[in-house]
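Colleague: Next up is a structure, given as structure tokens.
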Amino acid sequence: MIAASLVCLLATAYALVGVVLEGALFWAAPADTVQTAIWVNANTPAESVVAVHPDEFHSSLGYWLRRPLVLADERHALLFGATAEVYERTARAEQAAFAAARADLAAAGFDALGATHVMVGRSAAARAGWLESSCFEVVHRGEAWLVAARRGAGCNADGS
């Protein structure tokens, strides 16, 4: 009886420490990331696929965004069955699409990945000259994020 009581007491203390540490170590999601995800959920078709640059991906998108992502984080990709090689290949292809100098190359890269919408952090938007082109339409401007929709076929090399 004493041993069982001691085990219960230790388990309760262990659970209490875990709850306190979880609360102390919890990082809130950035407000604009949440607002942008909610906007995407409300204003895009359910079958939309969203591309977020691997360097800008925030783990809170997994909680708030209700659209498939081209790529999330490696841990989740491996957890859900992707191989490390597939993850790396997809990450490189996505990075190349984001880094494309021409709008038609960015469009082709996102098309190959199945992306219909692109979330670009404001800091990276200046480097994404393809955003304002005939290939993409910026459909949402938040404090920290821009969301662009892939326009239909017909964009050309200079994006006009």
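The values are calculated or read from the model by the stated rules, or taken from the named source; none is laboratory data. Because the structure is a prediction, the values reported are computed rather than measured. Cβ sites come from the backbone with ideal geometry, for glycine too, and all protein chains shown count toward neighbours.
Colleague: State whether the residues of segment 3-24 include one that is at negative phi, out of contact with any Gly (no Cβ under 7 Å at 6 or more places or on another chain) and assigned to a loop (DSSP other than H, G, I, E, B).
Modeller: Within segment 3-24, none of the residues are at negative phi, out of contact with any Gly (no Cβ under 7 Å at 6 or more places or on another chain) and assigned to a loop (DSSP other than H, G, I, E, B).
Colleague: Would you confirm whether or not segment 85-93 contains a residue that is in contact with a Phe, Trp or Tyr (Cβ under 9 Å, 6 or more places away or on another chain) and not polar (S, T, N, Q)?
Modeller: no
Colleague: Is it the case that residue 138 is buried (at least 17 other Cβ atoms within 10 Å of the Cβ) and part of a strand (DSSP E or B)? Can you show your working first?
Modeller: Numbers: buried (at least 17 other Cβ atoms within 10 Å of the Cβ): no; part of a strand (DSSP E or B): yes.
Criteria not met by residue 138.
Colleague: Can you pull out every residue in segment 81-104 that is hydrophobic (A, V, I, L, M, F, W, C) and in contact (Cβ under 8 Å) with a residue 40 or more places away in the chain?
Modeller: 97, 98, 103 - these are the residues of segment 81-104 that are hydrophobic (A, V, I, L, M, F, W, C) and in contact (Cβ under 8 Å) with a residue 40 or more places away in the chain.
Colleague: Just checking, does segment 102-120 include any residue being in contact with a Gly (Cβ under 8 Å, 6 or more places away or on another chain), assigned to a loop (DSSP other than H, G, I, E, B) and at pLDDT 95 or above?
Modeller: no
Colleague: Let me ask you something else. Of 91, 125, 72, 77, which residue is surrounded by 15 or more Cβ atoms within 10 Å (Cβ to Cβ), under 11 Å from the mean Cα position of the chain (by Cα) and over 14 Å from residue 150 (Cα atoms)?
Modeller: 72
Colleague: Got a number for residues in segment 95-122 being over 16 Å from residue 150 (Cβ atoms), polar (S, T, N, Q) and buried (at least 17 other Cβ atoms within 10 Å of the Cβ)?
Modeller: Looking only at that region, the number is 0.
Colleague: How many of the residues making up segment 98-146 are of a type in the set (S, T, N, Q) and either over 24 Å from residue 45 (Cβ atoms) or touching a His at 6+ places or on another chain (Cβ under 9 Å) (or both)?
Modeller: So the count comes out to 1.
Colleague: May I ask you to verify whether residue 55 is exposed (fewer than 13 other Cβ atoms within 10 Å of the Cβ), within 13 Å of the chain's Cα centre (by Cα) and not hydrophobic (A, V, I, L, M, F, W, C)?
Modeller: Yes, satisfied.
Colleague: Mind listing just one residue for me: the one in segment 35-45 that is within 16 Å of the chain's Cα centre (by Cα) and within 16 Å of residue 141 (Cβ to Cβ) and, of those, surrounded by the fewest Cβ atoms within 10 Å (Cβ to Cβ)?
Modeller: Taking segment 35-45 first, the residues within 16 Å of the chain's Cα centre (by Cα) are 35-41, 44.
Pick out the ones that are also within 16 Å of residue 141 (Cβ to Cβ) and you get 35-40, 44.
Values: 35: 17, 36: 23, 37: 25, 38: 13, 39: 16, 40: 22, 44: 19.
It comes out as 38.
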